[in-house]
1. Could you count how many residues in the range 175-193 are in contact with a Pro (Cβ under 6 Å, 6 or more places away or on another chain) and among the aliphatic types (A, V, I, L, M)?
2. What residue, of Thr127, Thr139, Thr150, is hydroxyl-bearing (Ser, Thr, Tyr) and within 12 Å of the chain's Cα centre (by Cα)?
3. Please enumerate the residues belonging to the range 107-116 that are in a helix (DSSP H, G or I) and of a type outside the set (Phe, Trp, Tyr).
4. Of the residues Thr150, Thr127, which is part of a helix (DSSP H, G or I), under 29 Å from Ser233 (Cβ atoms) and of a type outside the set (Phe, Trp, Tyr)?
5. Can you pull out every residue in the range 221-253 that is aromatic (Phe, Trp, Tyr) and either in a helix (DSSP H, G or I) or surrounded by 12 or more Cβ atoms within 10 Å (Cβ to Cβ) (or both)?
6. Of everything in the range 182-202 that's within 9 Å of the chain's Cα centre (by Cα) and outside any helix (DSSP H, G or I), which residue is surrounded by the most Cβ atoms within 10 Å (Cβ to Cβ)?
7. All but one of (1) over 26 Å from Thr152 (Cβ atoms); (2) touching a Gly at 6+ places or on another chain (Cβ under 8 Å) hold for Ala179, so report the exception by its number.
8. When you look at Ser92, is it small (Gly, Ala, Ser) and either in contact with a strand residue (DSSP E or B) (Cβ under 7 Å, 6 or more places away or on another chain) or touching a residue at least 24 places away in the same chain (Cβ under 8 Å) (or both), yes or no?
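The values are calculated or read from the model by the stated rules, or taken from the named source; none is laboratory data. Everything quoted here is computed from the prediction, not taken from an experiment. Using ideal geometry, Cβ is built from the backbone for each residue, glycine included, and neighbour counts are taken over all protein chains shown. Side chains included, ligands, DNA and RNA excluded: accessible areas come from the protein's heavy atoms. Shrake-Rupley method; radii C 1.70, N 1.55, O 1.52, S 1.80 Å.
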Amino acid sequence: MTIQPLTSQSARGWEGGLAPLRRLFARVKSSRLVREVLVFLTFCLFTAILTWPYVTRLRDAVVDPGDPYLISWILWWDYHQTFTDPLNLFHSNLFYPLRYTLAFSEHSYGIALFFFPLYALGARPLTVHAVAMFFGFVTCGYGAFRLARTLTGSNGAAWIAGIIFAFVPFRFGLMSQVAYLWSMWIPLLFEALVLFARERSKKRAVWLGVAFFMSGITTISWFTLSLVPFAVSAAILLTRHNTWRDREFWRRGAAALGLASLALLPFMVPYYIASKLL
């Protein structure tokens, strides 16, 4: 058997066959959405490895027999009451005849919201809780990645920040507290503020309002603790970008945060009422 040398014509044919793959790769590489999905999936991989074998037992695994059962019920109650009696969300079926009993703990509505489709498909509360815990790590990493990338413009720095924020040792101690594991909105809120300070567009104002609202309905503790750093960061950014007298910043920023605050009232007022009643 003789081996025919690769001629220039056959080489060109070979390269021509690879051309569609190269174009596809270039298109994928240039797609912002695809890059974001790949970053998110990478943090899914990291979470699966660092919490192994938890990912293989998402059907009904819990870290301990305490708080995970309570939080599983809270997430399920958020879904159940949203589609049966949303105006009485905080009047849960615990501690009857007391009222506003959901306000005895974190309501975690911003977490449950993402998993309404799983409940609709018939997933068990413990399964949803396990999946929510898994994505708590993932979203923390992704949120910190975005903030660091926005601040530094460096993907390397973003990966370091994302990995540290998502997998810092104390976070593994929060695996029974999904509400506190979901701190993704802290970096996303600050990233939204930075982006808005750089460009006072309507689109970025809307994102700032959404991030503020989601932070408030996800974990009240993290939201409350982030308010002072948020205000300080806003002052620093206003000074750095010399926008203290920028009307667009104040008008659009106030509108975004004002509407978000109004939307948060139904989730905040019950805690005040419960504290006065009890």
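1. Qualifying residue count for the region: 0.
2. Thr139
3. Selection gives Gly110, Ile111, Ala112, Leu113.
4. Thr150
5. Trp222, Phe223, Phe230, Phe249, Trp250
6. Among them, the one singled out is Met184.
7. (2)
8. Spelling it out, it is not the case that Ser92 is small (Gly, Ala, Ser) and either in contact with a strand residue (DSSP E or B) (Cβ under 7 Å, 6 or more places away or on another chain) or touching a residue at least 24 places away in the same chain (Cβ under 8 Å) (or both).
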